[in-house]
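As structure tokens, the structure follows; a few thoughts come after it.
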Amino acid sequence: MKVVNRQSIVIVKGEGTRVWDDEGKDYLDFTAGWAVNNIGHANPAITAAIQAQAGQLLQTSNQFFTIPQLELAELLVENSCMEKVFFCNSGAEANEGAIKLIRKWGKINKNGPGEIITAYKSFHGRTMNMVAATAQPKYQEAWAPIPTGFTHVDFDDITQIKNATNENTVAVMLEPVQSEGGVNIPSSDYLSNVRSWCDENNLLLIFDEVSTGLGRLGELFGYQLFDVEPDVLTLAKGLGGGVPIGAFLCNQRANVLEPGDHGSTFGGNALTCAASEASTRFIIEEDVPGNSRNVGKYMKDQLENLRMKHEIISDVRGIGCLVGVEFSADIAGKLLSACNDNGLLLNVTATNIVRWMPPLTVTKEEVDEAIEKFDKALDIAKV
Ligand SMILES: *Cc1c(COP(=O)(O)O)cnc(C)c1O
């Protein structure tokens, strides 16, 4: 089914920041599988873990324990402010589970309210509830009736959250930095103000870090950058480094799920957990967030320099290896084609915004090469 405007490139292999198509042409991959390949393509750490686990055990049901699942859970809990983990297979699924947890918490602690405040320009996934949570008309219009239980406010405006809170509100759900919605960074005190508001009104705070987690913003988790701890955290994308895995985590306060409340057949299976554990351990032990921070800053500075040269660039914004470039005209489609021709893969979030999100192991030399390709593509696309 043609649900995405695919570019006519067939990718057959990758290594680090680079991929090759079926004709042998190579590209710098600054899409990283949509912020998934955080430690690069074909990273030997992940390959070895998959090979070893594949010869041992792929899957048992969650009726039993497996060692990779326990090791991954331990690694995540030891390195975050969270206490408990549930493993699933994608970001939308992680958010769905988190919503169930929040609703149950509301029944126990607040006598039933279940409404969740989310932000305009957010992105939380494609299932029906996540379509309702994702406050962007283009993701909702075709799918009515939309599930209820979500109220929308402008991002980075604490007053709107205060005004939207009523006796039915149970939680606030935000991305620390909005990614798909155009790389929107909140003011430095926004998330701490949201945290205080949630504490004062006995609400849960949930951070969707499906995109920002695992080093993307230059810290292992985005919440660390803002020094604000959520009650519930969702992860996917970079968690597996390329295998499909998602998770929602919670602190002790929000730990309300009991046997029978939730489940998943494939969630947390031995193979994906082994790959994810290897990827996450690599991220922590090799200080991949540090590289994301340093090279990401360099990347943003180089894009800022290009803005001096190309007036059509109206804004460059980002943190770590998540940088958005906005244009004063709708050239993103044309620019993407020109970049493809030059051997640089980028992602478009709107007709006038492209996202730079390379693997977090990217080097300055690779950024230089990408900037040169982008510069030439801009010359072609802007006329
Ligand atoms: C991609 C994304 C999702 C959805 O993840 P899937 O694995 O595609 O279901 C949810 N939230 C955020 C912030 C995302 O970037």
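The values are calculated or read from the model by the stated rules, or taken from the named source; none is laboratory data. The structure presented is a predicted model; accordingly, all values stated were derived computationally and were not measured. Heads up, the Cβs are rebuilt from the backbone with ideal geometry, glycines too, and the neighbour counts pull from every protein chain shown.
Key figures for this structure:
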{"quantity": "Contacts under 6 angstrom Cβ, first residue in region 119-131 being without any contact (Cβ under 8 Å) to a residue 40 or more places away in the chain and more than 17 Å from LYS100 (Cβ to Cβ), partner among the small types (Gly, Ala, Ser) and within 11 Å of the ligand (Cβ to nearest atom), 6 or more apart", "calculated": "ARG126/ALA92"}
{"quantity": "Matching option when the condition is in contact with a strand residue (DSSP E or B) (Cβ under 6 Å, 6 or more places away or on another chain) and away from the ligand (no atom under 12 Å from the Cβ), among VAL232, VAL228, VAL256", "calculated": "VAL232"}
{"quantity": "Search result, residues across region 342-361 that are in contact (Cβ under 8 Å) with a residue 40 or more places away in the chain and over 18 Å from the mean Cα position of the chain (by Cα)", "calculated": "GLY343, LEU344, LEU345"}
{"quantity": "Count of residues meeting criterion [closer than 19 Å to LYS237 by Cβ and in a strand (DSSP E or B)] in region 61-92", "calculated": "4"}
{"quantity": "Matching residues in region 299-347 - criterion: being over 13 Å from LYS382 (Cα atoms), modelled with pLDDT of 95 or more and of a type in the set (A, V, I, L, M)", "calculated": "MET299, LEU303, LEU306, VAL316, ILE319, LEU322, VAL323, VAL325, LEU344, LEU345, LEU346"}
{"quantity": "Selected residue (criterion: farthest from the chain's Cα centre (by Cα)) from residues of region 183-212 that are within 12 Å of the ligand (Cβ to nearest atom) and not in a strand (DSSP E or B)", "calculated": "VAL183"}
{"quantity": "Close pairs from region 227-251: first closer than 14 Å to LEU72 by Cβ and at pLDDT 95 or above, partner of a type in the set (Lys, Arg) and in a strand (DSSP E or B), Cβ under 8 Å, at least 6 apart", "calculated": "LEU249/LYS84"}
{"quantity": "Number of the condition not met by GLY215 [criteria: (1) under 13 Å from ALA254 (Cα atoms); (2) within 15 Å of the ligand (Cβ to nearest atom)]", "calculated": "(1)"}
{"quantity": "Enumeration of residues in region 132-174 that are in contact (Cβ under 8 Å) with a residue 24 or more places away in the chain and hydroxyl-bearing (Ser, Thr, Tyr)", "calculated": "THR151, THR165, THR169"}
